[in-house]
Amino acid sequence: MTLGLLASRALRSSRPINSPTTFLRTIISTPELHNNTSSAAAVADTPPPPPPDRTPVGGARVHFANPDDAIEVFVDGFPVKIPKGMTVLQACEVAGVDIPRFCYHNRLSIAGNCRMCLVEVEKSPKPVASCAMPALPGMKIKTDTPIAKKAREGVMEFLLMNHPLDCPICDQGGECDLQDQSMAFGSDRGRFTEVKRSVVDKNLGPLVKTVMTRCIQCTRCVRFATEIAGVQDLGMLGRGSGEEIGTYVEKLMTSELSGNVIDICPVGALTSKPFAFKARNWELKGTESIDVTDAVGSNIRIDSRGPEVMRIVPRLNEDINEEWISDKTRFCYDGLKRQRLNDPMIRDADGRFKTVSWRDALAVVAEAFHQVKPTEIVGVAGKLSDAESMMALKDLLNKMGSNNVWCEGNGLNVNADLRSGYLLNSGISGLENADLFLLVGTQPRVEAAMVNARIRKTVLATQAKVGYVGPPADLNYNHEHLGTGPEVLTQIAEGRHPFSSLLKNAKNPAIVVGAGIFERKDKDAIFSVVEAIAKQGNAIRPDWNGLNILLLNAAQAAALDLGLVPEADNSLETAKFVYLMGADDVNLEKLPSDAFVVYQGHHGDRGVYRANVILPAAAFSEKEGIYVNTEGYVQQTLPAVPTVGDAREDWKIIRALSEVAGVPLPYDTVGAVRSRMSTVAPHLLNLDEREPTTFTAEVKPKCSEKMSKDPFTNVVENFYMTDAITRASKIMAQCSALLSKK
Amino acid sequence: MAFTMRAVKVPPNSVSLEEARTRTFEFFKSACRSIPTVMEIYNLYDVVTPSQLRSNIAAQFRKNAHITNTKVIDMLLFKGMEELGDVVEHAKQRHHIIGQYVVGHHGLSQDSGTKDEGASDFLKNFYKTNYF
């Protein structure tokens, strides 16, 4: 410390000699620096005060794999035990000291170029960048000494030199790291009189707006793109004051995770294009909810203002999405404002829809209910249905005497007996323990972007091998394309394929089967081959279950948990009454033309074209509903905004209809529906818990079916438009026009 | 038409139920007689018909049909006369009339039929709103 003090004193004293003009203004907002050294020495001599009782920053925890690896460092005189290899900044976080930083991000590699995290370390001649300096045993770190403060102040001054003063028109205003830290650590006046540099804005596509003059070159976005998203689109061009972030040639950022650069940008250089100039963050009400556009169930926060969803941002959940979300999750929200159904409607004789009251609409549906035979009644739950409404739909149809109810995407004769037969048994975070992946008929990058990010993370960290069976795909990690059809699986299972030796040597092999296989005729045969492969690779053990199914839709797992499995295979071909609960992708071509179709849903999408009656329902942002994600993790959405028009929650519509039809369901409140659910699937009430599977496929009977030669097909044609909400979204339409790989 | 009820001071209490009954009928008649004026001054032709207004007034009377205490009936009569005076003297505005006597407390008055009789509370609430 003495050395550092002396150095800075020497610097300061030399300045008036070098520039003897009277015009010079000096800024000293840290008067304690001017104290003579004797007082500093006196402070050092006195015994340190008792350590302050501080809690770690952001719940930072230390895990000692090996007790010998623990080292002790002193942060502001307070001893703290950390594992070897931690950086000074991490040690400070464990000690409860928050170090200001711009370039450091704990999920990205260390750059050390912003210099904001400078702290003083005893016996070091200069302040050190704490994010890049490994902590050494006995290190004495000082975070609030005059030198550290002076260093931060100087860094802030340099950063603000070329940063425009446009906070009032900047979308980051109010949640800007630079704004906050310049208030906390910056100088109270400026001495900048020259001209600020300006940088040409880059066009990164329809999602990310750039104002590159605001960029402070922290390179977080570059590191995110190369490390997490796996696209080499962004980079740093030029040196010194000409340094800028860009896409070397004029091109768009084509990643399914590109929206996350908006969150990690510490300034307003990268902001959300759809959200630009729409709202200030302090006007928004945040609702902690979950995403339903895929089966991952990413944790999100829905920011709303009044009745309007303004934006969707990620919420931290280490087990599912870490702190990222896919672009579809983040930007689908404008679909919630378009194409909405807001009134009950009945189709007239001339084919036009007429708005009616709920009373009339339910009466018409109830009458049609009673005009058909029970076996001719069919119910289909949609991709976005919550567990409560699916429970109510199944109960209603069972009371009417029909058991032909299923959830779209699950296929017709899916095996719902064994929970392990339709879940991602390893768990999303558990995939990090795998050392070999075999992807069968699935493209995680478009089917479940967050699972793909997890696989990529594992592949980068452990050099895990990836084998892929399916149509040619663009996976953003090293993989071996083994073939397109299921015959490759037979070869692997019989040990005739070079990949089977890799499989035998792997410790924790993870086989991921896509849910698109559910729709194939020969799915039982494929599953039995995959089980043979799993047995061969010893993938199912008490400590590791590596046989995974990757589902496609948010409703699938809960539907199978609740037993929404149709009785007859071809019930749609003979149906006279079809109840579509948000089901838009079910194939209605074979449906008889005199069938009565009820569509209950929130968007005027494909299902509406054939409907006779429309019952408007609430979207996921407007209701409380339980969803189970692909690994069996139970979560619920919470209402962020009121319902549109005269819409009602899904289970309430079915409950009301049941009473009008004369078969009242015995629940009036959401709690009663849930207690009914608990009698069917008790784990559905354990919110934010993952219910692992118990039995595995070994107890399944042998399959005698023949496997067909048909190659696997693409299940998701367009990543950006998969369900009613995303198909109604203008932003998603722009994305699929500009960013989809052709 | 100037409303003369204002000048009249509070009448003495009814001595018997018979007298209270006669007074009530008198008041009902005077309310019905003022309906054309009300339709005129609040311009209600496109939202309601005189007969609908009349049945609404009758419904308000029937709401208190069970009361037998003459003092209470007198009090209710007084309140009703005051309200009628306010309406006829244009002391109210158009939306007051529409809100109180046309739309009613339970949504549009034409919705409140006898169809829901026997329905559960859930269904009655369901027809009204999503939030219950």
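Condition test on residue A:272, is it among the polar types (S, T, N, Q) and assigned by TED's automatic domain parsing to the domain that holds residue A:620? Answer is no for this residue.
From the list A:184, A:279, the lone residue that is among the hydrophobic types (A, V, I, L, M, F, W, C) and either under 28 Å from residue A:321 (Cα atoms) or in a strand (DSSP E or B) (or both) is A:279. In summary, strands (runs of 3 or more DSSP E) completely within region A:282-325 and bearing 3 or more residues that are of a type in the set (A, V, I, L, M) occur at A:308-314.
Screening the candidates A:564, A:560, A:572 for the property of being surrounded by fewer than 23 Cβ atoms within 10 Å (Cβ to Cβ) and either touching a helix residue (DSSP H, G or I) at 6+ places or on another chain (Cβ under 8 Å) or in a helix (DSSP H, G or I) (or both) yields one hit, A:572.
Do we find a residue being within 11 Å of another protein chain (Cβ to nearest Cβ) and either modelled with pLDDT of 95 or more or surrounded by fewer than 24 Cβ atoms within 10 Å (Cβ to Cβ) (or both) anywhere in region A:578-597?
no
For region B:84-132, how many residues are at pLDDT 85 or above and part of a helix (DSSP H, G or I)? Counting residues in region B:84-132 that are at pLDDT 85 or above and part of a helix (DSSP H, G or I) gives 21. All conditions but one from (1) over 24 Å from residue A:516 (Cα atoms); (2) touching a His at 6+ places or on another chain (Cβ under 8 Å) apply to residue A:466; the one that does not is (1).
Looking across region A:418-466 at every residue that is outside any helix (DSSP H, G or I) and within 18 Å of residue A:324 (Cα to Cα), the one that is farthest from the chain's Cα centre (by Cα) is identified as A:427. Taken together, A:721, A:677 contain a single residue that is without any contact (Cβ under 8 Å) to a residue 40 or more places away in the chain, under 34 Å from the mean Cα position of the chain (by Cα) and more than 14 Å from chain B (Cβ to nearest Cβ), which is A:721.
How many residues are more than 13 Å from chain B (Cβ to nearest Cβ) and surrounded by 16 or more Cβ atoms within 10 Å (Cβ to Cβ) when one looks only at region A:344-363?
Summing the residues that are more than 13 Å from chain B (Cβ to nearest Cβ) and surrounded by 16 or more Cβ atoms within 10 Å (Cβ to Cβ) in region A:344-363 gives 4.
Of all the listed residues (A:650, A:710), the sole one being in contact with a Gly (Cβ under 9 Å, 6 or more places away or on another chain) and over 30 Å from residue A:307 (Cβ atoms) is A:710.
The residues of region A:619-636 that are small (Gly, Ala, Ser) and either under 19 Å from residue A:677 (Cβ atoms) or within 12 Å of chain B (Cβ to nearest Cβ) (or both), listed by number, are A:625, A:632. If you take the residues in region A:292-325 that are free of Cβ contacts under 8 Å to residues at least 60 places away in the same chain and under 13 Å from the mean Cα position of the chain (by Cα), which one is surrounded by the fewest Cβ atoms within 10 Å (Cβ to Cβ)? This residue is A:316.
No other residue among A:392, A:366 is in the same structural domain as residue A:675 (by TED's automatic domain parsing) and buried (at least 24 other Cβ atoms within 10 Å of the Cβ) apart from A:392.
In this structure, does residue A:668 turn out to be within 14 Å of another protein chain (Cβ to nearest Cβ) and touching a residue at least 60 places away in the same chain (Cβ under 8 Å)? So residue A:668 does not fit the description; no. Of the residues A:639, A:616, the single one that is touching a residue at least 60 places away in the same chain (Cβ under 8 Å), within 12 Å of another protein chain (Cβ to nearest Cβ) and in a strand (DSSP E or B) is A:616.
In the set A:261, A:199, A:267, A:231, only one residue is in contact with a strand residue (DSSP E or B) (Cβ under 9 Å, 6 or more places away or on another chain) and either modelled with pLDDT under 95 or part of a loop (DSSP other than H, G, I, E, B) (or both); that residue is A:199. Inside region A:358-387, residues that are part of a loop (DSSP other than H, G, I, E, B) and within 39 Å of the chain's Cα centre (by Cα) make up a count of 5. Only a single criterion out of (1) closer than 23 Å to residue A:724 by Cα; (2) assigned to a loop (DSSP other than H, G, I, E, B); (3) aliphatic (A, V, I, L, M) is not satisfied by residue A:392, namely (2). Annotation note: of A:548, A:538, the sole residue that is buried (at least 22 other Cβ atoms within 10 Å of the Cβ), of a type outside the set (A, V, I, L, M) and in contact with a strand residue (DSSP E or B) (Cβ under 9 Å, 6 or more places away or on another chain) is A:548.
Does region A:700-712 contain at least one residue that is modelled with pLDDT of 80 or more, of a type in the set (Phe, Trp, Tyr) and part of a loop (DSSP other than H, G, I, E, B)?
The answer is yes, given that some residue of region A:700-712 is modelled with pLDDT of 80 or more, of a type in the set (Phe, Trp, Tyr) and part of a loop (DSSP other than H, G, I, E, B).
Give region A:642-665 a look and list any residue that's of a type in the set (A, V, I, L, M, F, W, C) and either more than 9 Å from every other protein chain (Cβ to nearest Cβ) or crowded, with 23+ Cβ neighbours inside 10 Å (or both), or say none. Within region A:642-665, A:644, A:647, A:651, A:653, A:654, A:656, A:657, A:661, A:663, A:665 qualify.
The values are calculated or read from the model by the stated rules, or taken from the named source; none is laboratory data. Every value quoted in this text rests on a predicted model; they were computed, and no experiment measured them. Glycine gets a Cβ as well: all are built from the backbone with ideal geometry, and neighbour counts include every protein chain shown.
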